[in-house]
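Remarks on the structure that follows.
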Amino acid sequence: MSATSRSPEASRDAFKRAAAAAAVELVEDGMVVGLGTGSTAAFAVEALAQRHAHGLRFLGIPTSERTAAQARAVGIPLTSFVEHRQIDLTIDGADEVERGTLNLIKGLGGALLREKIVAAASRRLAIVVDGAKLVDRLGANTPVPVEVVPFGLEATSASLEVLGASARLRLTSAGDPFVTDGGNRIIDCSFVAIADPARLEERIRRIVGVVESGLFIGRAHMVFVADPDGVHRLD
Ligand code: 5RP
């Protein structure tokens with residue numbers, strides 16, 4: 001069955017899987033590989049497990065407890081920054097990819113802090129997405145997730161609103177505040193349009209109480225986008 005003759009959700013999963021498979025081809029013997037978080041990154045972890053089962057030797061550094069659990073379950077050997085300060089290649093998803101710049105919004109899955117630490121330590125960051133994630137301007141469809149310490153989050157949230165955001169504390173389906181792997185909270189900040197994402201990232205970072213934002217500016221080296229026409233690599 002072709003991706004386009006399936007239900008929209010199944011098609012989207014097929015595109016995510018195809019983009020992930022293309023990025024996994026970049027992994028070579030002996031590499032340290034950053035393992036992203038989210039449904040697309042999970043397809044990459046699956047594909048990596050298959051390559052591992054066929055003899056490829058590599059070590060993974062996961063960007064979340066969720067990904068660590070998946071990687072262990074499928075037999076991927078893990079390492080950490082204690083043993084390796086530098087990562088050869090990270091494969092991760094994104095919520096929005098800006099055409100042309102490859103700037104990103106990440107963090108709807110709640111793992112943005114570890115994802116940014118892993119991205120910053122990576123020689124190459126390969127992003128894997130389906131075509132619906134490509135936008136002309138960041139912020140078009142997605143809020144910018146901002147990880148904040150729990151203390152004073154109401155004041156931190158008010159400071160984010162001064163930047164023009166409509167700020168909302170992320171809740172779980174049970175209605176409790178979402179807690180990140182680092183024990184922090186996430187404030188989702190909607191901006192009507194982000195004209196200067198690099199400046200916005202800097203301004204958000206300067207707010208006391210902010211740990212990190214989901215704006216990934218100048219970090220992606222390549223993006224694998226899958227759509228009905230196939231998988232395209234953007235550099
Ligand atoms: C998690 C992330 C994810 O990469 C992002 O949310 C995309 O997830 P998905 O592939 O499920 O759409 O940044 O913090």
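Scoring residue 101 on the criteria (1) away from the ligand (no atom under 16 Å from the Cβ); (2) in contact with a Gly (Cβ under 9 Å, 6 or more places away or on another chain); (3) of a type outside the set (A, V, I, L, M); (4) in a helix (DSSP H, G or I) leaves a single failure, condition (4). Looking across 179, 211, one residue alone is of a type in the set (Val, Ile, Thr), assigned to a strand (DSSP E or B) and at pLDDT 95 or above. It is 211.
If you go through segment 9-29, how many residues are loosely packed, with under 12 Cβ neighbours inside 10 Å and modelled with pLDDT of 95 or more? Matching residues across segment 9-29 total 2.
Filtered by the rule that a residue be part of a loop (DSSP other than H, G, I, E, B) and within 14 Å of the ligand (Cβ to nearest atom), segment 39-70 gives 63, 64. Against the criterion of being of a type outside the set (A, V, I, L, M), surrounded by fewer than 19 Cβ atoms within 10 Å (Cβ to Cβ), away from the ligand (no atom under 15 Å from the Cβ) and at pLDDT below 95, residue 6 qualifies. Identify, from the list 149, 135, the residue that is surrounded by 15 or more Cβ atoms within 10 Å (Cβ to Cβ) and closer than 26 Å to residue 42 by Cα. The conditions single out 135. For the residues 119, 94, 126, the requirement of being aliphatic (A, V, I, L, M), under 14 Å from the mean Cα position of the chain (by Cα) and in a loop (DSSP other than H, G, I, E, B) singles out 94. If you go through segment 105-140 and pick out every residue that is more than 12 Å from the ligand (Cβ to nearest atom) and either at positive phi or touching a Gly at 6+ places or on another chain (Cβ under 6 Å) (or both), you end up with 2.
The values are calculated or read from the model by the stated rules, or taken from the named source; none is laboratory data. All values derive from a computational prediction rather than experimental measurement. Reconstructed Cβ throughout: ideal geometry from the backbone, glycine too, with neighbour counts over all protein chains shown.
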